[in-house]
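**Q** Below: one structure in structure tokens.
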Amino acid sequence: MYRTLEECLIDLEKHGHLVRIKEEVDPYLEMAAIHLKVYEAGGPAILFERVKGSRFRAVSNLFGSIERSKFIFRQTWEAVHKVMAVRNEPINAIKQPFSHLATGFAAFKALPLKSRERPPVMAQEIQISDLPLIHHWPNDGGAFITLPQVYSEDPDKPGIMNSNLGMYRMQLTGNDYEPNREIGLHYQIHRGIGVHQAKANKLGAPLKVSCFVGGPPAHTLAAVMPLPEGLSEMTVAGMLAGRNFRYGYSEGYCISSDADFVITGEIYPEDTKPEGPFGDHLGYYSLVHPFPVMKVHKVYARPGAIWPFTVVGRPPQEDTAFGELIHELTGDSIKYEIPGVKEVHAVDAAGVHPLLFAIGSERYTPYQQVKRPAEILTLANRILGTGQLSLAKYLFMTAEENEPLDSHQEIKFLTHILERIDLRRDIHFYTNTTIDTLDYSGTGLNSGSKVVLAAYGDKRRELCRDVPDALKTIRGYEPVRLVMPGVVAMQGPAFTNYADAERELHGLTEALREKGNDPSCPLIVLCDNSAFLSESLSNFLWVTFTRSNPSHDMYGVNSSYEHKHWGCDTLIIDARSKPHQAPPLIPDPAVEKKIERLFAKGASLEGIL
């Protein structure tokens with residue numbers, strides 16, 4: 001059980017989970033590029049001992065594998081898991097009280113503890129410019145904090161038990177921010193801090209915010225957990241750390257006693273500045289938009305403070321391990337939050353929010369012989385109305401019948417649906433609605449559409465395992481590649497605008513109709529590069545579901561409306577890049593070449609790749 005971040009790093013190094021870089025490294029692109037190389041190689045956590053322009057050390061890749069993450073929490077993992085289980089099924093604790101004694105002790109550690117002593121983190125007051133100012137991607141707008149624990153309290157009910165601890169990126173430099181006095185705070189919709197700011201705005205008062213960086217790794221994980229209503233991140237931080245979250249107040253700001261750094265400040269009503277661009281976890285830049293400005297009050301650092309960071313980009317990345325950890329701890333809770341749902345899988349390869357796979361139940365009419373989606377449609381509405389799941393764009397859903405299903409076996413799961421889907425009945429659109437802030441495939445910031453593809457019943461078709469001959473001879477749409485059973489990628493001309501796309505797709509669907517509809521191929525993906533898309537499952541999931549807006553980019557062969565319900569014989573998703581979409585993340589070749597020195601013989605990272 002670690003009291004500080006440094007205690008954790010010493011333990012990791014002792015067990016071969018950490019490497020030190022003794023050479024000086026530039027925070028402008030170099031540190032991020034090194035992180036990406038080491039992560040991709042399945043390497044250890046990285047302690048940067050000499051960060052150019054800063055006296056503070058930095059660490060990354062701390063949570064770079066599920067194995068290392070579980071090692072970090074090995075003393076508390078099972079107890080926290082049991083607490084989560086008891087919360088889901090409290091009756092079990094009453095029926096078997098003695099088997100849940102350890103759960104009670106873990107829950108005791110969940111209570112935040114107010115410190116009377118001056119916190120170690122307040123040992124020195126510094127400035128933003130003293131921090132490791134890490135610039136991650138070539139077109140980023142400045143340096144960012146990528147592992148912040150952003151703390152705010154409910155203005156109507158102040159106090160730590162009514163607080164929110166979230167991970168919202170913070171821009172430290174660049175754009176119009178006044179150096180050392182202003183930083184950008186980017187939070188997306190469906191975030192707790194937004195509720196707090198809305199209440200503060202109503203009162204006409206600024207919202208006090210504290211940003212904790214570092215401290216026990218449990219505090220970082222707690223900040224990213226999507227917890228059910230009524231369960232505080234501070235309690236989970238204490239349970240995971242095996243040690244109460246220790247805190248105090250200074251000038252009205254909450255201070256995490258165990259943090260390595262604390263930045264305090266205020267957000268004023270309607271005070272925004274352009275924030276971004278930032279290379280984000282969908283694999284594209286999030287662009288410049290107005291977001292709240294935090295007026296910096298104080299910046300503190302503990303003696304020997306270490307700056308933790310991560311690099312986000314096209315999945316998988318270090319935040320993939322976060323997702324796996326969270327699923328193991330809270331995955332079962334969806335069954336209790338939405339009765340009838342057995343599992344929901346936010347697909348990491350597609351950037352998490354754009355694509356959900358779900359398994360539900362079909363119990364409405366067990367006396368009928370005809371099987372069709374019914375209950376799963378009700379459950380789909382519940383899923384798309386629940387917390388961050390509501391940001392999803394595509395939801396593929398089914399129910400188990402004669403065989404168990406696993407939504408994490410992505411090819412098998414999609415195959416099951418494509419074998420059963422009735423394309424004239426089972427596609428359900430939600431238009432002019434909200435999507436993820438970071439998804440630029442829609443009609444504007446936070447705006448786009450959703451679609452549910454819900455299939456249940458007997459197998460309707462055998463899926464093609466080769467490209468059907470009829471698809472090989474359509475001029476202007478080649479080469480054609482098989483992606484997986486029932487899914488084919490067609491390479492088309494570059495997308496220009498939606499008016500032209502409508503005409504192009506009309507011509508394509510007519511050509512396919514004339515060739516004769518092939519039921520063995522229910523899904524065609526129109527793309528810029530069919531070889532790339534079909535090369536791997538992850539390429540298919542990433543391109544298809546991050547570059548399309550269901551209401552605008554789904555077409556069909558023999559499509560028609562019946563009483564306002566759209567259907568077709570073969571579904572086409574236009575996943576070509578669009579001019580309004582954000583550019584993908586591309587590393588700087590010069591920086592890639594420059595960091596090779598650290599992997600050379602005799603250098604700190606020798607043998608890692």
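The values are calculated or read from the model by the stated rules, or taken from the named source; none is laboratory data. All figures in this text were calculated on a predicted structure; none of them were measured in a lab. Neighbour counts are summed over all protein chains in view; Cβ atoms, including those assigned to glycine, are modelled from backbone coordinates with ideal geometry. Side chains are part of the model used for accessible areas, which takes the heavy atoms of the whole protein and leaves out ligands, DNA and RNA. Shrake-Rupley method; radii C 1.70, N 1.55, O 1.52, S 1.80 Å.
**Q** Over 28 Å between Cα atoms, which of K199/K298; K82/K393; K37/K393; K37/K298; K14/K335; K393/K515 qualify?
**A** Numbers: K199/K298 24 Å; K82/K393 33 Å; K37/K393 31 Å; K37/K298 35 Å; K14/K335 40 Å; K393/K515 32 Å.
Cα-Cα > 28 Å for K82/K393; K37/K393; K37/K298; K14/K335; K393/K515; rest within.
**Q** Once you order the gyration tensor axes a ≥ b ≥ c over the Cα atoms, which shape class does the range 409-567 get: rounded for a/c under 1.5, otherwise prolate or oblate by comparing a/b with b/c? Please list the in-between numbers first.
**A** Details: a/c = 1.27, a/b = 1.13, b/c = 1.12.
Rounded.
**Q** Now, a different point. Would you mind checking the range 12-35 for residues with the amide N under 20 Å from a putative spin-label position 7 Å along Cα→C-beta of R50?
**A** Residues passing the 20 Å test: 19-35.
**Q** Label points 7 Å out from Cα along the Cβ direction at K594 and K472: separation in nm?
**A** 5.0 nm
**Q** If you don't mind, there's one more thing I want to ask. Quick one: if the Förster radius is 22 Å, what FRET efficiency do A198 and N175 give, using the C-beta to C-beta distance and rounding to 0.05?
**A** Details: r = 25 Å, r/R0 = 1.11.
After rounding to 0.05, the efficiency reads 0.35.
**Q** Moving on to the next point. Under a point spin-label approximation (7 Å from Cα along Cα-to-Cβ), what is the K22-R461 distance to one decimal in nm?
**A** Simple spin-label model gives 6.3 nm for this pair.
**Q** Here is a follow-up. Given 0.36 nm per residue, what is the gain on full extension from Y336 to E401 after removing their alpha carbon distance, in nm?
**A** Values: separation 65, 0.36 × 65 = 23.40 nm, distance 2.08 nm.
Extending this stretch completely gives an extra 21.3 nm.
**Q** Take the solvent-accessible surface of the protein heavy atoms, probe 1.4 Å, and return the percent of it on the chain that carbon and sulfur atoms account for.
**A** Numbers: 12960 of 25260 Å².
Taking all protein chains in place, the chain shows 51 percent carbon and sulfur surface.
**Q** What's the angle, to the nearest 10 degrees (0 to 90), between helix 30-40's Cα axis and the longest principal axis of the chain?
**A** 60 degrees
**Q** Given a 1.4 Å probe, how much area per residue of the chain is accessible, in Å²? Walk me through the intermediate numbers first.
**A** Numbers: 25260 Å² over 609 residues.
Value returned for the chain: 41 Å² of accessible area per residue.
**Q** May I pose another question? What distance in nm separates the simple spin-label points at E535 and A123, each placed 7 Å from Cα in the Cβ direction?
**A** 4.8 nm
**Q** Could you give the angle, 0 to 90 degrees to the nearest 10, between helix 5-14's Cα long axis and the longest principal axis of the Cα atoms of the chain?
**A** For helix 5-14, the angle is close to 70 degrees.
**Q** In whole angstrom, note down how far apart the Cα centers of the range 229-297 and the range 348-394 are.
**A** For the range 229-297 versus the range 348-394, the Cα centre distance is 33 Å.
**Q** With a ≥ b ≥ c taken as the square roots of the eigenvalues of the C-alpha gyration tensor of the range 354-470, please select rounded if a/c is under 1.5 and otherwise prolate if a/b is larger than b/c or oblate if it is not?
**A** Numbers: a/c = 1.99, a/b = 1.36, b/c = 1.46.
The shape class here is oblate.
**Q** From Cα pairs below 8 angstrom and at least 6 apart in sequence, can you work out the relative contact order of the range 286-438, rounded to a whole percent? Don't skip to the end; give the middle numbers.
**A** Values: 144 pairs, mean separation 27.9, N = 153.
Once normalised by length, the contact order is 18 percent.
**Q** Rounded to the nearest 5, what % of the DSSP beta bridges within the chain are antiparallel ones? Could you put the intermediate results ahead of the total?
**A** On the way: 68 of 100 bridges.
Bridges in the chain are about 70 percent antiparallel.
**Q** Around I376, with a cut-off of 14 angstrom between Cβ atoms, what is the net charge of the other residues, counting Lys and Arg +1 and Asp and Glu -1? Don't jump to the answer; show the numbers that get you there.
**A** Numbers: positive: K342, R363, K371, R372, R382, R420, R425; negative: E343, E362, E375, E400, E401, D422, D426.
Neighbourhood net charge equals 0.
**Q** Follow-up. Let me check against my output: what whole-number percent is the relative contact order of the chain, with C-alpha pairs under 8 Å and at least 6 apart? Numbers along the way, then the final one.
**A** Working: 1347 pairs, mean separation 80.2, N = 609.
The value is 13 percent.
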